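The values are calculated or read from the model by the stated rules, or taken from the named source; none is laboratory data. Nothing here was measured: the structure is a model prediction, and the numbers come from that model. With ideal geometry, Cβ positions are generated from the backbone for all residues, glycine too; neighbour counts draw on all protein chains shown.
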Amino acid sequence: MSETILLIDDDQSLRRVTEYNLAAKGFDVITAASGVQGLEVFKNYSPDLVVTDVKLGDMNGLDILEKIKKDAPEIPVIIMTAFGSIEMAVQAMHKGAFNFITKPFDRDTLILSCKKALELKDLRYKTKLMTNEINRLTGTEGIISASSVMKELLDTASRAANSDATVLITGESGTGKEVLARLIHQNSPRHNGPMVTVNCAAIPSGLIESELFGHMKGSFTGAIKDRKGHFQTASGGTLFLDEIGEMATDTQVKLLRAIQEKEVQPVGSERAKKVDIRIVAATNLDLQKKIAKGEFREDLYYRLSVIPLFIPPLRERTDDIPALIKHFLKKFDAPRDVGFSGPAQEVLKAYQWPGNIREMQNIVERCIILRKKSVIEPEDLQLLDQKTSASPLAPVIPDEGVALGDIEKSYILKALEKTSQNRSKAARLLKIPRHVLLYRLEKYGL
Ligand SMILES: Nc1ncnc2c1ncn2[C@@H]1O[C@H](COP(=O)(O)OP(=O)(O)OP(=O)(O)O)[C@@H](O)[C@H]1O
Ligand SMILES: [Mg+2]
(Lines give C-alpha, C1' and ligand atoms only; values in the text may rest on other atoms or scores of the structure.)
(Ligands and ions follow the chains in the order given, each with its own letter.)
Protein backbone atom coordinates (compact mmCIF):
# COMPACT_ATOMS: atom_id res chain seq x y z
CA MET A 1 0.00 0.00 0.00
CA SER A 2 1.43 3.35 -0.90
CA GLU A 3 1.72 6.10 1.68
CA THR A 4 -0.41 9.19 1.59
CA ILE A 5 1.07 12.66 1.68
CA LEU A 6 -1.01 15.75 2.34
CA LEU A 7 0.40 18.75 0.50
CA ILE A 8 -0.78 22.20 1.62
CA ASP A 9 0.20 25.19 -0.50
CA ASP A 10 -1.77 28.17 -1.74
CA ASP A 11 0.48 28.64 -4.76
CA GLN A 12 -1.32 26.71 -7.46
CA SER A 13 1.54 26.15 -9.88
CA LEU A 14 3.94 25.03 -7.16
CA ARG A 15 1.28 22.72 -5.77
CA ARG A 16 0.77 21.10 -9.17
CA VAL A 17 4.48 20.55 -9.80
CA THR A 18 5.11 19.12 -6.32
CA GLU A 19 2.09 16.87 -6.56
CA TYR A 20 3.29 15.57 -9.90
CA ASN A 21 6.81 14.89 -8.60
CA LEU A 22 5.61 13.03 -5.50
CA ALA A 23 3.02 11.01 -7.39
CA ALA A 24 5.69 10.00 -9.91
CA LYS A 25 7.58 8.41 -7.00
CA GLY A 26 4.57 6.29 -6.10
CA PHE A 27 3.09 8.33 -3.24
CA ASP A 28 -0.61 9.04 -2.97
CA VAL A 29 -0.93 12.79 -2.82
CA ILE A 30 -3.86 14.82 -1.55
CA THR A 31 -3.63 18.58 -1.97
CA ALA A 32 -5.17 21.51 -0.15
CA ALA A 33 -5.07 25.13 -1.21
CA SER A 34 -5.55 26.70 2.23
CA GLY A 35 -4.86 26.05 5.89
CA VAL A 36 -8.48 25.45 6.81
CA GLN A 37 -8.95 23.07 3.92
CA GLY A 38 -5.70 21.34 4.83
CA LEU A 39 -6.82 20.64 8.40
CA GLU A 40 -10.19 19.44 7.17
CA VAL A 41 -8.53 17.00 4.76
CA PHE A 42 -6.13 15.93 7.49
CA LYS A 43 -9.03 14.99 9.73
CA ASN A 44 -10.88 13.08 7.03
CA TYR A 45 -8.05 11.24 5.31
CA SER A 46 -5.45 10.67 8.08
CA PRO A 47 -2.42 10.98 5.80
CA ASP A 48 0.96 9.49 6.77
CA LEU A 49 2.87 12.72 6.20
CA VAL A 50 2.08 16.42 5.86
CA VAL A 51 4.08 18.85 3.73
CA THR A 52 2.97 22.42 4.23
CA ASP A 53 3.99 25.89 3.17
CA VAL A 54 4.48 28.44 5.94
CA LYS A 55 2.78 31.38 4.31
CA LEU A 56 -0.73 30.41 3.43
CA GLY A 57 -3.49 32.88 2.65
CA ASP A 58 -5.59 32.10 5.69
CA MET A 59 -3.20 30.53 8.19
CA ASN A 60 0.38 30.16 9.20
CA GLY A 61 1.98 26.79 8.47
CA LEU A 62 3.39 26.75 12.00
CA ASP A 63 -0.13 26.83 13.46
CA ILE A 64 -1.03 23.86 11.28
CA LEU A 65 2.07 22.10 12.55
CA GLU A 66 1.07 22.80 16.14
CA LYS A 67 -2.48 21.50 15.62
CA ILE A 68 -1.28 18.30 13.98
CA LYS A 69 1.33 17.67 16.67
CA LYS A 70 -1.41 18.00 19.28
CA ASP A 71 -3.92 15.67 17.62
CA ALA A 72 -1.60 13.18 15.98
CA PRO A 73 1.97 13.56 17.28
CA GLU A 74 3.14 10.51 15.35
CA ILE A 75 2.51 12.12 11.95
CA PRO A 76 5.64 13.86 10.63
CA VAL A 77 5.31 17.36 9.19
CA ILE A 78 7.69 18.95 6.70
CA ILE A 79 7.64 22.74 6.45
CA MET A 80 8.44 24.65 3.27
CA THR A 81 9.80 28.12 3.92
CA ALA A 82 10.87 30.95 1.67
CA PHE A 83 14.59 31.38 1.21
CA GLY A 84 16.37 33.05 4.07
CA SER A 85 13.80 32.79 6.88
CA ILE A 86 16.08 30.93 9.25
CA GLU A 87 14.20 32.15 12.26
CA MET A 88 11.03 30.57 10.96
CA ALA A 89 12.86 27.32 10.34
CA VAL A 90 14.19 27.24 13.90
CA GLN A 91 10.70 27.84 15.23
CA ALA A 92 9.37 25.02 13.06
CA MET A 93 11.91 22.57 14.44
CA HIS A 94 11.07 23.65 18.00
CA LYS A 95 7.42 22.97 17.39
CA GLY A 96 8.20 19.45 16.30
CA ALA A 97 8.56 19.65 12.51
CA PHE A 98 10.44 16.72 11.02
CA ASN A 99 12.35 18.97 8.66
CA PHE A 100 12.13 22.22 6.71
CA ILE A 101 13.11 22.84 3.15
CA THR A 102 13.74 26.24 1.66
CA LYS A 103 12.10 27.32 -1.53
CA PRO A 104 13.00 26.98 -4.29
CA PHE A 105 13.99 23.34 -3.78
CA ASP A 106 14.80 20.66 -6.27
CA ARG A 107 12.69 17.58 -6.65
CA ASP A 108 15.13 15.15 -5.06
CA THR A 109 15.58 17.17 -1.87
CA LEU A 110 11.85 17.01 -1.23
CA ILE A 111 11.53 13.33 -2.09
CA LEU A 112 14.46 12.35 0.10
CA SER A 113 13.03 14.31 3.00
CA CYS A 114 9.60 12.67 2.55
CA LYS A 115 11.12 9.21 2.45
CA LYS A 116 13.11 9.84 5.62
CA ALA A 117 10.07 11.21 7.44
CA LEU A 118 7.96 8.19 6.48
CA GLU A 119 10.72 5.83 7.53
CA LEU A 120 10.84 7.46 10.93
CA LYS A 121 7.08 7.22 11.30
CA ASP A 122 7.18 3.54 10.44
CA LEU A 123 10.00 2.90 12.91
CA ARG A 124 8.18 4.74 15.66
CA TYR A 125 5.08 2.71 14.99
CA LYS A 126 6.99 -0.57 15.09
CA THR A 127 8.80 0.44 18.27
CA LYS A 128 5.50 1.25 19.90
CA LEU A 129 4.07 -2.13 18.92
CA MET A 130 7.16 -3.90 20.21
CA THR A 131 7.21 -1.99 23.49
CA ASN A 132 3.56 -2.86 24.03
CA GLU A 133 4.29 -6.48 23.30
CA ILE A 134 7.33 -6.59 25.58
CA ASN A 135 5.36 -4.95 28.36
CA ARG A 136 2.56 -7.40 27.87
CA LEU A 137 4.94 -10.34 27.96
CA THR A 138 7.05 -9.22 30.88
CA GLY A 139 4.24 -7.59 32.81
CA THR A 140 6.39 -4.63 33.74
CA GLU A 141 3.86 -2.20 32.36
CA GLY A 142 3.69 -0.81 35.86
CA ILE A 143 2.08 -2.18 38.94
CA ILE A 144 0.44 0.70 40.70
CA SER A 145 0.98 0.79 44.44
CA ALA A 146 0.03 4.04 46.11
CA SER A 147 -1.53 2.57 49.25
CA SER A 148 0.69 1.51 52.10
CA VAL A 149 -0.60 -2.09 52.05
CA MET A 150 0.35 -2.46 48.39
CA LYS A 151 3.73 -0.84 48.88
CA GLU A 152 4.49 -3.24 51.68
CA LEU A 153 3.26 -6.18 49.63
CA LEU A 154 5.44 -5.27 46.64
CA ASP A 155 8.38 -4.79 48.96
CA THR A 156 7.90 -8.30 50.38
CA ALA A 157 7.43 -9.65 46.86
CA SER A 158 10.69 -8.16 45.58
CA ARG A 159 12.58 -9.55 48.53
CA ALA A 160 10.97 -12.94 47.97
CA ALA A 161 11.94 -12.74 44.31
CA ASN A 162 15.61 -13.07 45.19
CA SER A 163 15.15 -16.56 46.55
CA ASP A 164 13.91 -19.80 45.03
CA ALA A 165 11.22 -20.17 47.69
CA THR A 166 7.76 -21.17 46.56
CA VAL A 167 5.26 -18.31 46.64
CA LEU A 168 1.51 -18.64 47.05
CA ILE A 169 -0.44 -15.60 45.90
CA THR A 170 -4.05 -15.32 47.04
CA GLY A 171 -6.65 -12.66 46.41
CA GLU A 172 -10.03 -12.13 44.79
CA SER A 173 -10.46 -12.26 41.06
CA GLY A 174 -8.87 -9.31 39.25
CA THR A 175 -6.68 -8.14 42.14
CA GLY A 176 -3.46 -8.60 40.17
CA LYS A 177 -2.20 -12.06 41.07
CA GLU A 178 -0.79 -12.71 37.64
CA VAL A 179 0.95 -9.33 37.40
CA LEU A 180 2.50 -9.95 40.79
CA ALA A 181 3.72 -13.39 39.68
CA ARG A 182 5.38 -11.75 36.65
CA LEU A 183 6.95 -9.12 38.83
CA ILE A 184 8.47 -11.83 41.00
CA HIS A 185 9.88 -13.62 37.97
CA GLN A 186 11.22 -10.39 36.47
CA ASN A 187 12.97 -9.46 39.69
CA SER A 188 14.41 -12.91 40.29
CA PRO A 189 17.84 -14.20 39.30
CA ARG A 190 15.87 -16.40 36.86
CA HIS A 191 14.55 -13.46 34.83
CA ASN A 192 16.50 -14.54 31.74
CA GLY A 193 14.85 -17.94 31.89
CA PRO A 194 11.27 -18.65 30.82
CA MET A 195 8.15 -17.97 32.81
CA VAL A 196 5.64 -20.68 32.01
CA THR A 197 2.04 -20.16 33.04
CA VAL A 198 -0.25 -23.12 33.55
CA ASN A 199 -3.92 -22.55 34.16
CA CYS A 200 -4.73 -25.56 36.31
CA ALA A 201 -8.47 -25.00 35.91
CA ALA A 202 -8.35 -25.12 32.12
CA ILE A 203 -6.65 -28.49 31.64
CA PRO A 204 -8.92 -31.56 31.58
CA SER A 205 -8.10 -33.83 34.52
CA GLY A 206 -7.13 -36.72 32.24
CA LEU A 207 -4.44 -34.63 30.57
CA ILE A 208 -2.99 -32.65 33.42
CA GLU A 209 -0.30 -35.13 34.36
CA SER A 210 1.07 -35.28 30.85
CA GLU A 211 0.75 -31.48 30.50
CA LEU A 212 2.72 -30.88 33.69
CA PHE A 213 5.26 -33.69 33.59
CA GLY A 214 5.38 -34.68 29.92
CA HIS A 215 4.93 -38.09 28.36
CA MET A 216 6.78 -40.75 26.36
CA LYS A 217 5.85 -41.78 22.86
CA GLY A 218 3.21 -44.52 22.95
CA SER A 219 2.37 -44.09 26.63
CA PHE A 220 -1.29 -43.55 25.73
CA THR A 221 -3.42 -43.32 22.61
CA GLY A 222 -2.51 -40.13 20.84
CA ALA A 223 0.98 -39.89 22.34
CA ILE A 224 2.69 -40.09 18.97
CA LYS A 225 5.99 -38.70 20.17
CA ASP A 226 7.84 -37.76 23.36
CA ARG A 227 6.64 -34.49 24.77
CA LYS A 228 8.09 -32.22 27.42
CA GLY A 229 5.81 -31.09 30.22
CA HIS A 230 5.55 -27.56 31.62
CA PHE A 231 7.92 -28.45 34.46
CA GLN A 232 10.69 -29.15 31.97
CA THR A 233 9.82 -26.24 29.69
CA ALA A 234 10.13 -23.90 32.66
CA SER A 235 13.58 -25.25 33.53
CA GLY A 236 15.90 -22.41 34.49
CA GLY A 237 12.91 -20.14 35.00
CA THR A 238 9.62 -19.87 36.85
CA LEU A 239 6.57 -22.13 36.68
CA PHE A 240 3.40 -20.20 37.46
CA LEU A 241 0.60 -22.51 38.55
CA ASP A 242 -2.50 -20.34 38.21
CA GLU A 243 -5.86 -21.31 39.72
CA ILE A 244 -4.16 -23.96 41.82
CA GLY A 245 -7.30 -24.29 43.96
CA GLU A 246 -9.04 -26.01 41.05
CA MET A 247 -6.57 -28.87 40.82
CA ALA A 248 -7.97 -32.36 41.43
CA THR A 249 -6.72 -34.09 44.59
CA ASP A 250 -5.04 -36.99 42.79
CA THR A 251 -3.00 -34.52 40.73
CA GLN A 252 -2.16 -32.64 43.92
CA VAL A 253 -0.35 -35.73 45.23
CA LYS A 254 1.83 -35.88 42.13
CA LEU A 255 2.49 -32.17 42.23
CA LEU A 256 3.54 -32.41 45.85
CA ARG A 257 6.01 -35.16 45.02
CA ALA A 258 7.44 -33.19 42.09
CA ILE A 259 7.96 -30.11 44.26
CA GLN A 260 9.51 -32.06 47.11
CA GLU A 261 11.87 -34.11 45.00
CA LYS A 262 12.50 -31.40 42.40
CA GLU A 263 12.05 -34.04 39.75
CA VAL A 264 9.28 -35.24 37.47
CA GLN A 265 8.38 -38.54 35.96
CA PRO A 266 6.93 -38.20 32.45
CA VAL A 267 3.88 -40.39 31.82
CA GLY A 268 5.06 -43.76 30.54
CA SER A 269 8.65 -43.25 31.64
CA GLU A 270 10.57 -45.39 34.09
CA ARG A 271 12.95 -42.69 35.09
CA ALA A 272 12.46 -39.41 36.90
CA LYS A 273 14.09 -36.27 35.53
CA LYS A 274 15.58 -33.46 37.61
CA VAL A 275 14.08 -30.02 37.02
CA ASP A 276 15.41 -26.64 38.03
CA ILE A 277 12.42 -24.41 38.58
CA ARG A 278 10.91 -21.90 40.94
CA ILE A 279 7.22 -22.28 41.60
CA VAL A 280 4.72 -19.47 42.06
CA ALA A 281 1.10 -20.51 42.57
CA ALA A 282 -2.06 -18.43 42.72
CA THR A 283 -5.71 -18.87 43.56
CA ASN A 284 -8.79 -16.80 44.27
CA LEU A 285 -10.31 -19.61 46.34
CA ASP A 286 -10.10 -19.92 50.09
CA LEU A 287 -7.69 -22.84 50.39
CA GLN A 288 -8.24 -23.17 54.15
CA LYS A 289 -11.90 -23.81 53.44
CA LYS A 290 -11.02 -26.31 50.75
CA ILE A 291 -8.67 -28.08 53.15
CA ALA A 292 -11.46 -28.29 55.75
CA LYS A 293 -13.71 -29.84 53.11
CA GLY A 294 -11.02 -32.31 52.10
CA GLU A 295 -10.68 -30.80 48.63
CA PHE A 296 -7.16 -29.51 48.99
CA ARG A 297 -4.22 -31.31 50.54
CA GLU A 298 -2.88 -29.65 53.63
CA ASP A 299 0.66 -30.89 52.98
CA LEU A 300 0.64 -29.35 49.50
CA TYR A 301 -0.70 -26.11 50.94
CA TYR A 302 2.26 -25.85 53.32
CA ARG A 303 4.71 -26.71 50.53
CA LEU A 304 3.31 -23.95 48.37
CA SER A 305 2.87 -21.22 50.93
CA VAL A 306 6.47 -20.90 52.03
CA ILE A 307 5.96 -17.24 51.22
CA PRO A 308 2.24 -16.40 51.26
CA LEU A 309 1.26 -13.13 49.58
CA PHE A 310 -2.31 -11.91 49.98
CA ILE A 311 -3.47 -9.13 47.66
CA PRO A 312 -6.25 -7.21 49.36
CA PRO A 313 -9.40 -6.41 47.34
CA LEU A 314 -9.51 -2.96 45.77
CA ARG A 315 -12.30 -1.74 48.09
CA GLU A 316 -9.87 -2.14 50.99
CA ARG A 317 -7.15 -0.03 49.42
CA THR A 318 -8.99 2.97 48.04
CA ASP A 319 -5.78 5.01 48.24
CA ASP A 320 -4.73 3.21 45.06
CA ILE A 321 -7.76 4.44 43.11
CA PRO A 322 -6.57 7.91 41.99
CA ALA A 323 -3.21 6.47 40.89
CA LEU A 324 -4.94 3.62 39.04
CA ILE A 325 -7.26 6.06 37.25
CA LYS A 326 -4.25 8.04 36.06
CA HIS A 327 -2.46 4.87 35.01
CA PHE A 328 -5.39 3.59 32.96
CA LEU A 329 -6.09 6.99 31.35
CA LYS A 330 -2.54 6.88 30.09
CA LYS A 331 -2.69 3.21 29.15
CA PHE A 332 -5.74 3.80 26.96
CA ASP A 333 -4.20 6.90 25.33
CA ALA A 334 -6.78 9.34 26.69
CA PRO A 335 -6.10 12.92 25.57
CA ARG A 336 -4.52 14.98 28.34
CA ASP A 337 -7.65 16.98 29.16
CA VAL A 338 -9.76 13.86 29.82
CA GLY A 339 -10.32 12.97 33.47
CA PHE A 340 -12.75 12.06 36.23
CA SER A 341 -14.44 14.83 38.21
CA GLY A 342 -14.02 15.01 42.00
CA PRO A 343 -17.52 13.58 42.63
CA ALA A 344 -16.90 10.78 40.11
CA GLN A 345 -13.68 9.85 41.93
CA GLU A 346 -15.60 9.78 45.20
CA VAL A 347 -18.13 7.37 43.71
CA LEU A 348 -15.30 5.15 42.50
CA LYS A 349 -13.78 5.17 45.97
CA ALA A 350 -17.06 4.14 47.59
CA TYR A 351 -17.78 1.39 45.07
CA GLN A 352 -17.37 -2.25 46.13
CA TRP A 353 -15.36 -3.40 43.07
CA PRO A 354 -16.47 -7.03 42.85
CA GLY A 355 -14.18 -7.44 39.82
CA ASN A 356 -11.35 -5.44 41.43
CA ILE A 357 -8.68 -3.87 39.21
CA ARG A 358 -9.78 -5.70 36.07
CA GLU A 359 -13.24 -4.18 36.47
CA MET A 360 -11.79 -0.75 37.12
CA GLN A 361 -9.65 -0.99 34.00
CA ASN A 362 -12.73 -1.88 31.92
CA ILE A 363 -14.74 0.99 33.37
CA VAL A 364 -12.04 3.57 32.71
CA GLU A 365 -11.63 2.30 29.15
CA ARG A 366 -15.38 2.42 28.55
CA CYS A 367 -15.64 5.93 29.99
CA ILE A 368 -12.85 7.14 27.70
CA ILE A 369 -14.48 5.67 24.62
CA LEU A 370 -18.06 6.71 25.36
CA ARG A 371 -17.33 10.15 26.86
CA LYS A 372 -19.40 13.08 25.64
CA LYS A 373 -17.31 15.67 27.47
CA SER A 374 -13.73 15.58 28.62
CA VAL A 375 -14.71 15.53 32.31
CA ILE A 376 -16.33 12.26 33.32
CA GLU A 377 -19.12 12.67 35.89
CA PRO A 378 -20.72 10.13 38.27
CA GLU A 379 -23.65 9.50 35.90
CA ASP A 380 -21.22 8.49 33.14
CA LEU A 381 -19.72 5.67 35.21
CA GLN A 382 -22.50 3.09 34.88
CA LEU A 383 -21.28 0.94 37.74
CA LEU A 384 -22.94 -2.34 38.63
CA ASP A 385 -26.03 -1.86 40.75
CA GLN A 386 -24.68 -1.91 44.28
CA LYS A 387 -28.05 -2.82 45.73
CA THR A 388 -27.57 -6.34 44.50
CA SER A 389 -24.60 -6.78 46.79
CA ALA A 390 -25.45 -8.22 50.19
CA SER A 391 -26.16 -5.07 52.08
CA PRO A 392 -28.18 -5.56 55.27
CA LEU A 393 -30.18 -2.48 54.35
CA ALA A 394 -31.22 -3.77 50.95
CA PRO A 395 -32.07 -7.45 51.40
CA VAL A 396 -32.76 -9.60 48.39
CA ILE A 397 -35.23 -12.45 48.74
CA PRO A 398 -35.09 -14.94 45.86
CA ASP A 399 -38.33 -16.53 44.62
CA GLU A 400 -37.52 -19.83 46.28
CA GLY A 401 -37.22 -18.08 49.65
CA VAL A 402 -34.32 -17.77 52.03
CA ALA A 403 -33.44 -19.32 55.44
CA LEU A 404 -33.17 -16.56 58.01
CA GLY A 405 -30.98 -18.79 60.16
CA ASP A 406 -28.39 -19.06 57.36
CA ILE A 407 -28.21 -15.31 57.07
CA GLU A 408 -27.70 -14.93 60.79
CA LYS A 409 -25.08 -17.66 60.77
CA SER A 410 -23.13 -16.06 57.94
CA TYR A 411 -23.10 -12.67 59.70
CA ILE A 412 -21.86 -14.30 62.91
CA LEU A 413 -19.08 -16.08 61.03
CA LYS A 414 -18.12 -12.86 59.24
CA ALA A 415 -17.98 -10.95 62.53
CA LEU A 416 -15.75 -13.62 64.06
CA GLU A 417 -13.49 -13.56 61.03
CA LYS A 418 -13.22 -9.78 61.17
CA THR A 419 -12.29 -9.86 64.87
CA SER A 420 -9.87 -12.79 64.53
CA GLN A 421 -12.30 -15.01 66.46
CA ASN A 422 -12.59 -12.63 69.39
CA ARG A 423 -16.12 -13.31 70.67
CA SER A 424 -16.51 -10.18 72.78
CA LYS A 425 -15.51 -7.94 69.87
CA ALA A 426 -17.69 -9.92 67.47
CA ALA A 427 -20.68 -9.51 69.79
CA ARG A 428 -20.06 -5.77 69.89
CA LEU A 429 -19.89 -5.62 66.09
CA LEU A 430 -23.20 -7.43 65.87
CA LYS A 431 -24.64 -5.20 68.56
CA ILE A 432 -25.77 -8.09 70.77
CA PRO A 433 -24.67 -9.09 74.30
CA ARG A 434 -21.84 -11.60 74.46
CA HIS A 435 -24.01 -14.31 76.08
CA VAL A 436 -26.49 -14.03 73.20
CA LEU A 437 -23.67 -14.61 70.76
CA LEU A 438 -22.46 -17.64 72.74
CA TYR A 439 -25.98 -19.03 72.75
CA ARG A 440 -26.28 -18.64 68.98
CA LEU A 441 -22.88 -20.16 68.36
CA GLU A 442 -24.05 -23.22 70.21
CA LYS A 443 -27.42 -23.20 68.45
CA TYR A 444 -25.77 -23.23 65.03
CA GLY A 445 -23.05 -25.64 66.15
CA LEU A 446 -20.29 -23.13 65.35
N1 LIG B 1 -1.53 -2.90 40.80
C2 LIG B 1 -1.89 -2.86 39.51
N3 LIG B 1 -1.56 -1.82 38.75
C4 LIG B 1 -1.95 -1.76 37.47
N5 LIG B 1 -2.67 -2.69 36.85
C6 LIG B 1 -3.03 -3.76 37.56
C7 LIG B 1 -2.65 -3.91 38.92
N8 LIG B 1 -3.15 -5.07 39.38
C9 LIG B 1 -3.82 -5.63 38.35
N10 LIG B 1 -3.75 -4.86 37.25
C11 LIG B 1 -4.39 -5.14 35.96
O12 LIG B 1 -5.66 -5.72 36.24
C13 LIG B 1 -5.93 -6.82 35.38
C14 LIG B 1 -6.16 -8.09 36.18
O15 LIG B 1 -4.94 -8.52 36.78
P16 LIG B 1 -4.55 -10.06 36.89
O17 LIG B 1 -4.89 -10.79 35.65
O18 LIG B 1 -3.16 -10.15 37.40
O19 LIG B 1 -5.58 -10.47 38.04
P20 LIG B 1 -5.79 -11.89 38.74
O21 LIG B 1 -5.73 -11.64 40.19
O22 LIG B 1 -4.85 -12.88 38.17
O23 LIG B 1 -7.30 -12.20 38.34
P24 LIG B 1 -8.03 -13.67 38.20
O25 LIG B 1 -8.16 -14.22 39.58
O26 LIG B 1 -9.36 -13.30 37.64
O27 LIG B 1 -7.18 -14.50 37.30
C28 LIG B 1 -4.74 -6.93 34.44
O29 LIG B 1 -5.05 -6.28 33.24
C30 LIG B 1 -3.64 -6.19 35.17
O31 LIG B 1 -2.73 -5.61 34.26
MG1 LIG C 1 -5.21 -14.60 37.06
Segments classed as helices (runs of 4 or more DSSP H), wholly inside region 160-270, with at least 2 members that are surrounded by 14 or more Cβ atoms within 10 Å (Cβ to Cβ) and within 15 Å of ligand 2 (Cβ to nearest atom): 177-186
Condition met for TYR439 (touching a helix residue (DSSP H, G or I) at 6+ places or on another chain (Cβ under 7 Å), loosely packed, with under 15 Cβ neighbours inside 10 Å and either modelled with pLDDT of 90 or more or not charged (D, E, K, R) (or both)): no
Any hit, region 19-28, residues being in a strand (DSSP E or B) and acidic (Asp, Glu): yes
Criterion: part of a helix (DSSP H, G or I) and within 20 Å of the chain's Cα centre (by Cα) - qualifying residue of ARG303, ARG315: ARG315
Failed item in (1) in a loop (DSSP other than H, G, I, E, B); (2) farther than 26 Å from VAL196 by Cα; (3) more than 16 Å from ligand 2 (Cβ to nearest atom), with GLU295 passing the rest: (2)
Near pairs, Cβ below 6 angstrom, 6+ apart or cross-chain, from region 167-180 (within 14 Å of THR156 (Cβ to Cβ)) to any residue that is of a type in the set (Gly, Ala, Ser) and near ligand 2 (Cβ under 9 Å from one of its atoms): ILE169/ALA282
Residues of region 320-347 that turn out to be touching a residue at least 24 places away in the same chain (Cβ under 8 Å), assigned to a helix (DSSP H, G or I) and within 19 Å of the chain's Cα centre (by Cα), as a count: 10
Of residues in region 348-365 being more than 12 Å from ligand 1 (Cβ to nearest atom) and assigned to a loop (DSSP other than H, G, I, E, B), the one nearest to ASP71 (Cα to Cα): TYR351
The lone exception for GLU316 - which of (1) at pLDDT below 95; (2) more than 23 Å from GLU152 (Cα to Cα) it fails: (2)
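Table: residues versus (1) farther than 30 Å from LYS290 by Cα; (2) more than 16 Å from ligand 1 (Cβ to nearest atom).
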| site | (1), (2) |
| --- | --- |
| CYS200 | no, no |
| LEU212 | no, yes |
| HIS230 | no, yes |
| THR238 | no, no |
| LEU241 | no, no |
| GLU263 | no, yes |
| GLY268 | yes, yes |
| LYS274 | yes, yes |
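Looking only at residues in region 289-319 that are aliphatic (A, V, I, L, M) and touching a residue at least 60 places away in the same chain (Cβ under 8 Å), which one is nearest to ligand 1 (Cβ to nearest atom)?
From region 289-319, those aliphatic (A, V, I, L, M) are 291-292, 300, 304, 306-307, 309, 311, 314; that's our starting set.
Then keep just the ones that are touching a residue at least 60 places away in the same chain (Cβ under 8 Å); that gives 304, 306-307, 309, 311, 314.
On the way: LEU304: 16, VAL306: 20, ILE307: 17, LEU309: 11, ILE311: 7, LEU314: 9 Å.
Per the criteria, the residue is ILE311.
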Residues being closer than 24 Å to LYS128 by Cβ and among the acidic types (Asp, Glu) - total across region 51-95: 3
